[in-house]
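Working notes, structure below.
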Amino acid sequence: VEIGDCVTSIGTATFSGCSSLTSIDIPDSVTSIGSYAFSVCSSLTSCTIPSAVRSIGGGAFGRCTSLTSIVIPDGVTSIDTGTFLFCTSLTSITIPDSVTSIDYSAFAYCSSLTSMTIPSSVTSIDNRAFNKCSRLTSITIEAATPPTLGTNSFDNTNDCPIYVPSGSVDTYKEANNWSTYASRIQAIPNS
């Protein structure tokens, strides 16, 4: 698929269910990707999201079971509900410093993810955001102040360590819903 440079947004469910689509280059003119735009594109292995994109709708890449990596451009402020739900082949993802919220089940069931870094800009992580990311070996949270955390956000994540800034370990361990993971919270190792 080639998308023309005159296109500024990819609408809701535009390519949803295109199960033979393997790759797509989104032109620099696009600033928004609608909800479910690429959902259930089960053969999609790569997708380049241009730097002009400011919003990615809920479920946009949900159930893209062959997608292995993706970079979210700087400027996106929210990772919406189920954006990468059931992306079971996703091994790496880059979350930019512009993101402030990670919504419900945003990365749930991304069972091939091995590590995750959440930048200090993130102030809220919703329910089940990373639930069932069963191969994680580490989660790093860069914020000194614990983000608001929903329930079950890090359940079934291989009991991996949750690294936080060294001066904030106790604060995280006592914070609402973070206390559930107190035994896993430790200081970010010195590099």
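Considering only protein heavy atoms and a 1.4 Å probe, what is the carbon-and-sulfur percentage of the accessible area of the chain?
Values: 3720 of 8320 Å².
Answer for the chain: carbon and sulfur cover 45 percent of the accessible area.
Please state, rounded to one decimal and in Å, the Kirkwood hydrodynamic radius that the chain gives when every pair of distinct Cα atoms enters the mean of 1/r.
Details: mean 1/r = 0.0600 Å⁻¹.
Taking every pair of different Cα atoms in the chain, averaging 1/r and inverting gives 16.7 Å.
With the other protein chains left in place, how much accessible area per residue, in square angstrom, belongs to the stretch 87-170 at a 1.4 angstrom probe?
Details: 3200 Å² over 84 residues.
It amounts to 38 Å² per residue over the stretch 87-170.
Specify whether the C-alpha gyration tensor of the stretch 46-142 places it in the rounded, prolate or oblate class, a ≥ b ≥ c being the square roots of the eigenvalues: rounded for a/c under 1.5, otherwise prolate if a/b is larger than b/c and oblate if not.
Values: a/c = 1.40, a/b = 1.13, b/c = 1.24.
Verdict is rounded for the stretch 46-142.
Kindly report the accessible area of the stretch 13-53 per residue (heavy atoms of protein chains, probe 1.4 Å, no ligands, DNA or RNA), in Å². If you can, show how the numbers build up before the last one.
Details: 1690 Å² over 41 residues.
Solvent-accessible surface per residue comes out at 41 Å².
Only Cα pairs under 8 Å and at least 6 apart count here; give the relative contact order of the stretch 1-109 as a rounded whole percent. Please report the intermediate quantities before stating the final value.
Details: 340 pairs, mean separation 22.9, N = 109.
It comes to 21 percent, rounded to a whole number.
Please give the contour-minus-distance gain from Thr151 to Ser51: 0.36 nm per residue of separation, less the Cα-Cα distance, rounded to one decimal in nm. Write down the numbers at each step before the final one.
Values: separation 100, 0.36 × 100 = 36.00 nm, distance 3.20 nm.
Full-extension gain reported as 32.8 nm.
At a probe size of 1.4 Å, how large is the accessible area of Thr45, to the nearest 10 Å²?
Its heavy atoms expose roughly 60 Å² to the probe.
Could you tell me, in Å, what Rg and Dmax come out for the Cα atoms of the stretch 1-76?
Rg then Dmax for the stretch 1-76, in Å: 11.1, 30.
Please report the relative contact order for the chain, taking Cα pairs under 8 Å with a sequence separation of at least 6, and give it as a percent rounded to a whole number. All intermediate terms of the calculation are to be shown ahead of the outcome.
Working: 605 pairs, mean separation 22.8, N = 191.
With pairs under 8 Å counted, the relative contact order is 12 percent.
The values are calculated or read from the model by the stated rules, or taken from the named source; none is laboratory data. Keep in mind the model is a prediction, meaning the values are calculated, not measured. These accessible areas exclude ligands, DNA and RNA; they are computed on the full protein's heavy atoms, side chains included. Shrake-Rupley method; radii C 1.70, N 1.55, O 1.52, S 1.80 Å.
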